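The values are calculated or read from the model by the stated rules, or taken from the named source; none is laboratory data. None of these values were measured; they are calculated from a predicted model. As a convention, Cβ positions derive from the backbone with ideal geometry for all residues, glycine included, and neighbour counts pool all protein chains shown. The accessibility values were calculated without ligands, DNA or RNA, using every heavy atom of the protein model including side chains. Shrake-Rupley method; radii C 1.70, N 1.55, O 1.52, S 1.80 Å.
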Amino acid sequence: MFGMVRPCSHRLGENLKSQWMAHLCGLCLALRGDHGQFARIVTNYDGLLLSVLTEAQVERAGGGWRRTAGPCPLRGMRTASVAQGEGARLAAAVSLVLASAKVR
């Protein structure tokens, strides 16, 4: 992972930590779904912030903001509730742009 924004695990409560991880897993899954398995290596915290801000600004009408993801080695082979939707897809696109700028 690369980026300027990092979560402070000492200050985040359990609720905020689980929400942060839901966005992180949602970003990773959006990268895989839209751009292929190899694109997951560009997962970063800076792009993740867009997912968090987008979800915070959109009016919540019903469920639809989270889905249950299957087991993942990074989560200790546990399932989890992950973010989905336009915020995760926007974060995935930004992560790809940031990675291409870093490579350049």
Inset, instruction - Return the pairs, sorted by first residue and then second, in which the second residue is charged (D, E, K, R) and surrounded by 12 or more Cβ atoms within 10 Å (Cβ to Cβ), the first residue lies in region 44-62 and is at pLDDT 85 or above, the beta carbons are less than 8 Å apart, and the residues are 6+ apart or on different chains. - result: 54/86
Legend entry - Single residue of 100, 95 found to be closer than 16 Å to residue 23 by Cβ and either in contact with a strand residue (DSSP E or B) (Cβ under 8 Å, 6 or more places away or on another chain) or part of a helix (DSSP H, G or I) (or both): 95
Legend entry - Matching residues in region 34-53 - criterion: being of a type outside the set (A, V, I, L, M), in a helix (DSSP H, G or I) and surrounded by 14 or more Cβ atoms within 10 Å (Cβ to Cβ): 35, 40, 45, 46, 47, 51
Legend entry - Filtered residue count, region 5-28, keeping only those that are touching a residue at least 12 places away in the same chain (Cβ under 8 Å) and either open to solvent by less than 30 Å² (accessible area, probe 1.4 Å) or more than 14 Å from residue 81 (Cβ to Cβ) (or both): 10
Inset, instruction - Identify the residue in region 63-86 that is touching a Leu at 6+ places or on another chain (Cβ under 8 Å) and free of Cβ contacts under 8 Å to residues at least 60 places away in the same chain and, among all such residues, is surrounded by the fewest Cβ atoms within 10 Å (Cβ to Cβ). - result: 69
Legend entry - Test: residue in region 75-88 that is of a type in the set (Lys, Arg) and not in a helix (DSSP H, G or I): yes
